[in-house]
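Just below is one structure, and these are the notes that go with it.
No lab work stands behind these numbers, since they all come straight from the coordinates. What you are looking at is a predicted structure, and each value in this text was computed from that prediction instead of being measured. Cβ atoms come from the backbone with ideal geometry, glycine included; neighbour counts cover every protein chain shown.
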Amino acid sequence: MFNLAELWGLRPDGSNPRRHIKKYPEVKRERYLSPAELAALGNTLSRAEQEGVEDAYAIAAIRLLIFTGCRLNEIMTLKREYVDFEGACLRLPDTKTGARVIHLGAPALEVLSNLERQPENPWFICGKKPRARRTDLQPFWQRLRKRATVRLWAMTEGSAASGLVHRLEREISSEPTYNECLSAAKNENLELATGLAVSGTRR
């Protein structure tokens with residue numbers, strides 16, 4: 001803003017009060033899921049799919065991110081014309097690094113093949129409005145991460161966390177929520193691993 005004001009002659013040249021302030025260095029963070037975390041995430045996606053409580057396109061988007069290694073935007077803007085089923089690949093015309101081809105394994109092809117196609121909608125990850133794509137995955141991803149963390153605790157056999165989750169399951173006759181587990185752990189002075197609930201997970 002100050003630089004533009006100088007260009008427009010609204011401020012004297014070299015009068016920007018921020019000219020000697022250094023930008024805070026941003027550190028790029030990446031965190032890859034462990035095999036146990038991937039198993040818990042897959043288990044949670046399957047449960048959500050069976051229950052029908054989450055949007056099928058959101059579930060498919062997460063699976064495609066896992067199976068392809070694509071960037072989030074590449075999956076969210078994936079058009080049907082980009083998918084070459086015969087060649088088992090994605091042909092993306094415009095990415096950060098230009099056009100590229102992404103080869104697909106059987107799991108990714110199965111996800112794409114099973115997605116319901118909406119009339120006159122060119123997108124794979126469809127939105128709620130006709131002919132629109134889904135634009136926001138974050139609310140679903142936040143819920144999924146917390147639920148997958150509970151599954152991770154439950155699947156860690158022989159651990160105190162596993163015992164706590166299974167006890168809560170028996171008491172309430174259903175899968176406990178992330179917050180219910182945290183509350184019970186606090187009452188028992190039990191420290192639970194952060195699991196997938198921490199921020200900064202890649203994708």
Self-check item: Gaussian network model of the chain, Cα within-10 Å springs - most flexible of S15, S174, S46
Solution: S15
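Rank these for me by crowding, F124, F140, going from fewest to most other beta carbons within 10 Å.
Working: F124 23, F140 18.
Going from least to most buried by this count: F140, F124.
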Quiz prompt | Cα-projected label distance for N3 with D136, points at 7 Å along beta-carbon direction, nm | solution = 3.2
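Mind checking the full-extension length gain between E86 and R71? Use 0.36 nm per residue of separation minus the Cα-Cα distance, one decimal, nm.
Details: separation 15, 0.36 × 15 = 5.40 nm, distance 2.28 nm.
That works out to 3.1 nm of additional length.
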Practice problem: Only residues of the range 128-170 count here: report those whose backbone N is under 16 Å from the spot 7 Å along Cα→Cβ of R31, or say none. | Solution: 141-153
Exercise. For helix 178-187, report the angle its Cα long axis makes with the longest principal axis of the Cα atoms of the chain; keep it between 0 and 90° and round to the nearest 10°.
Key: 70
Self-check item: Using alpha-carbon coordinates, inclination of helix 138-155 to the longest axis of the chain, degrees
Solution: 40
Quiz prompt | V53, V165 arranged by Cβ crowding within 10 Å, fewest neighbours leading | solution = V53, V165
Exercise. Work out, in µm²/s and without decimals, the Stokes-Einstein translational diffusion coefficient of the chain at 37 °C, 0.692 mPa s, Rh from Kirkwood over C-alpha pairs.
Key: 162
Quiz prompt | Kirkwood Rh in Å, taken over all unlike Cα pairs in the range 139-197 | solution = 11.3
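Please rank I102, I59, fewest neighbouring Cβ atoms within 10 Å first, as an exposure proxy.
Details: I102 15, I59 19.
Taking fewest neighbouring Cβ atoms as first place, the list is I102, I59.
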